[in-house]
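Below is one structure, written out as structure tokens; comments come after it.
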Amino acid sequence: MTICRFLRLKQNIFRRNITRIVKKYSKLFLFILMFVHSGSLFSQSKIEDGQSVKQNITTSILPFTLYSEMFGWAAGGFVGIQGLSQKNMSLYMGGLVSTNGTKYGFIQFREFYLPFYPRLYIAPDILGGYFGALKVYKDNPANMNSDPHKPRAGSNESVKADYLEVSGSDQWYEMKFRFLLPIGHGKDEVYFSPELENGILQSGEMGGTHWNPFISGRTFIDIKPFYRKRVSFATNGIEFALTRENKDFYINPTRGSLQKFAFRRDFGWFDSMAPWSVIETDLLWYLPLHEMFGSKNSLPKVLALDFWTVNTLTWDNYYIEGTAPDGSIIKKFHRPPPYTGAYLGGRYRLRAYYEGRFNDRAAIYYGAEYRQIIPWNPFDHWSLTRKLNIHWLQFAVFAELGRVAPAWTLETLHTDMKWSAGGGIRIFMNNLILRADAAFGKEGMFMQMYVDHAF
């Protein structure tokens, strides 16, 4: 029996018992983290606001194995360094190789601000590698006129098997510049200095206390140049966004909210497929159920809610590229590639579906996730695993609704919506969330492991 057939058989079993899936993920995480080494590399002193501050630099080294619908079985390594030059600055690097021939790596910076002007944050992301087998939900140009009544690949009415399987390189470069506005917590508290006890925020929160942005939270003006080329689908441009982070702790929020309003533009430069423009709104809320129905001193129990919508402004714009052999005009539409813009499926939205399974002009998404830190930590029971510095485990269950559509209208976007539901485990170590999710929907089961919360 091949590996793929074996996994399909296991997925049928998982559908009947979600608890078994969570248990298997817990054992898989334990196996992975048995090889982690983390600790303090050294201490140094630095000057902040005229005072000497002792700074610890910590590192985490994580060899891992995982299974993903995109990669198959994979093995790789991960390195995380916190406090390298600034207290909250984090540097993450990693890579993997998989059974379907994929080779992938990344470098990511977080919370790095300019020393001479700390209101300006810089967050570069570099990802790249080679996909051995990748599903792209996009019409094959050779078959576009074969059946005019056939739903477009990736549309809400399309079928799961309607995709192109390709292989090739993937290059993804982003450089986000964030200017912290002098309002709310950002007025007098430029430096984010959370105080944690066993991985739980005790003081130093930067939001979640008031709805007014002039009183609470950090508000940023974001400018992000980007370049992405996945196989032959290339795009590049700039994103402009206004983001208000009114969370108590941005890594693992327990109360507060986030509002983001963004405009992305590909100007058609370099090897871009076509110019395009997209507007996006993302609204998140975090409700502290442990405070609302219990005690502030109890372990956090959080209900996280997400509303997201996007519209492609240039979807119907086009230029004439040429003439087909049958005399018809070949149009080049100003639309983003299927892995960006209005798409659903993958690591963040509609997690029961393949990455970019649904893509169209517009999209809408509703997500709800209940997260509860559990008092039992199996890594505290053995001397070897205690050195891993695993602060806590968190159980999560989630439900999602979403839809893509050829036009942004409330009636269309709320008709025949796709759904996804599932559960997972999160592990917090050295300011990093490790996430494992198992989700199911109309098209079956999807399993994945990643870093950070979905929202």
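One table, with the values for the structure above:
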item	result
Some residue of the range 143-156 being exposed (fewer than 15 other Cβ atoms within 10 Å of the Cβ) and at pLDDT 90 or above	yes
Residue in the range 273-281 that is at pLDDT below 95, surrounded by fewer than 22 Cβ atoms within 10 Å (Cβ to Cβ) and either out of contact with any helix residue (DSSP H, G or I) (no Cβ under 8 Å at 6 or more places or on another chain) or not acidic (Asp, Glu) (or both) present	yes
Residue match in the range 213-220 (condition: hydroxyl-bearing (Ser, Thr, Tyr), surrounded by 17 or more Cβ atoms within 10 Å (Cβ to Cβ), touching a residue at least 40 places away in the same chain (Cβ under 8 Å) and under 28 Å from Ile126 (Cβ atoms))	no
Matching residues in the range 394-418 - criterion: being without any contact (Cβ under 8 Å) to a residue 60 or more places away in the chain, surrounded by fewer than 20 Cβ atoms within 10 Å (Cβ to Cβ) and in a strand (DSSP E or B)	Val397, Ala399, Leu401
Which numbered condition Phe379 fails, given (1) surrounded by fewer than 20 Cβ atoms within 10 Å (Cβ to Cβ); (2) modelled with pLDDT under 85	(1)
Any chance Leu96 is crowded, with 17+ Cβ neighbours inside 10 Å, closer than 26 Å to Gly356 by Cβ, in contact with a Phe, Trp or Tyr (Cβ under 8 Å, 6 or more places away or on another chain) and aliphatic (A, V, I, L, M)	yes
Only listed residue being modelled with pLDDT of 90 or more, of a type outside the set (S, T, N, Q), out of contact with any helix residue (DSSP H, G or I) (no Cβ under 7 Å at 6 or more places or on another chain) and more than 27 Å from Trp382 (Cα to Cα), chosen from Gly95, Gly83, Gly50	Gly95
Of residues in the range 322-372 being part of a strand (DSSP E or B) and modelled with pLDDT under 95, the one farthest from the chain's Cα centre (by Cα)	Thr323
Close pairs from the range 100-122: first surrounded by 14 or more Cβ atoms within 10 Å (Cβ to Cβ), partner basic (Lys, Arg) and not in a strand (DSSP E or B), Cβ under 9 Å, at least 6 apart	Glu111/Lys87
Entirely in the range 216-279, the strands (runs of 3 or more DSSP E) that have 2 or more residues that are of a type in the set (Val, Ile, Thr)	218-230, 233-247
Matching residues, the range 304-323, being surrounded by 15 or more Cβ atoms within 10 Å (Cβ to Cβ) and not small (Gly, Ala, Ser)	Leu305, Asp306, Trp308, Thr309, Val310, Asn311, Thr312, Leu313, Thr314, Trp315, Asn317, Tyr318
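Condition check ((1) of a type in the set (Asp, Glu); (2) at pLDDT below 95) across all residues:
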{"residue": "Asp162", "(1), (2)": "yes, yes"}
{"residue": "Phe179", "(1), (2)": "no, no"}
{"residue": "Asp188", "(1), (2)": "yes, yes"}
{"residue": "Leu201", "(1), (2)": "no, yes"}
{"residue": "Gly207", "(1), (2)": "no, yes"}
{"residue": "Trp211", "(1), (2)": "no, yes"}
{"residue": "Lys224", "(1), (2)": "no, no"}
{"residue": "Arg244", "(1), (2)": "no, no"}
{"residue": "Lys260", "(1), (2)": "no, no"}
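The values are calculated or read from the model by the stated rules, or taken from the named source; none is laboratory data. Given the structure is predicted, the values throughout are model-derived calculations rather than measurements. Here Cβ is always computed from backbone atoms with ideal geometry, including for glycine, and neighbour counts include all displayed protein chains.
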